[in-house]
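The values are calculated or read from the model by the stated rules, or taken from the named source; none is laboratory data. Please read these numbers as outputs of a predicted model, since none were measured by experiment. A quick note on method: Cβ atoms are made from the backbone with ideal geometry, for glycine too, and the neighbour counts reach across all protein chains shown. Each accessible area value is taken on the protein alone, full model and side chains, heavy atoms only, with ligands, DNA and RNA left out. Shrake-Rupley method; radii C 1.70, N 1.55, O 1.52, S 1.80 Å.
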Amino acid sequence: MGQLKDFRVGDNGTVVGFVPGSAQWKSRLLAMGMTVGTAFQVERVAPLGDPVEITVRGSRITLRKGEAEALLVERRVS
């Protein structure tokens with residue numbers, strides 16, 4: 001398990017959960033389709049790492065630093 005900040009452009013991953021204490025972001029992430037088991041691909045990362053653009057379920061979404069830190073993810077080997 002890791003965090004989205006450790007991923008580079010082109011990396012694939014899967015959502016495995018949420019960081020404890022991230023309730024303020026959890027409902028927003030769930031509304032964007034970031035449920036446990038969801039696959040995603042990193043499309044772009046801003047120079048300072050904020051924001052991060054990912055493709056999830058056929059749509060591109062942009063996550064700010066706080067949102068990205070609330071996700072627990074694992075790298076998916078393709």
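Of note:
- Backbone geometry of region 51-59 corresponds, through the Karplus equation with coefficients 6.51, -1.76 and 1.60 at θ = phi - 60°, to 3J(HN,Hα) couplings of x, 10, 9, 10, 9, 9, 6, x, 10 Hz, x marking Gly and Pro.
- For chymotrypsin sites (Phe, Trp or Tyr not before Pro), no site in region 17-78 is both called loop by DSSP and has at most 11 other Cβ atoms within 10 Å.
- The accessible area of VAL52, taken with all protein chains in place and a 1.4 Å probe, comes to roughly 10 Å².
- Shown are LYS5, LYS65, LYS26, whose ranking by accessible area with a 1.4 Å probe and every protein chain present, most to least, is LYS5, LYS65, LYS26.
- Relative contact order, percent, region 1-63 [alpha-carbon distance under 8 Å, six or more residues apart]: 30
- Kirkwood-based shape ratio for the chain, expressed as Rg/Rh from alpha carbons: 0.91
- The residues VAL77, VAL56, sorted by heavy-atom accessible surface at 1.4 Å with ligands and nucleic acids left out, run VAL77, VAL56 from largest to smallest.
- Rounded to whole Hz, the Karplus (6.51, -1.76, 1.60) HN-Hα couplings of region 27-44, x for glycine and proline: 5, 5, 5, 4, 5, 7, x, 8, 8, 4, x, 6, 8, 8, 9, 7, 9, 8
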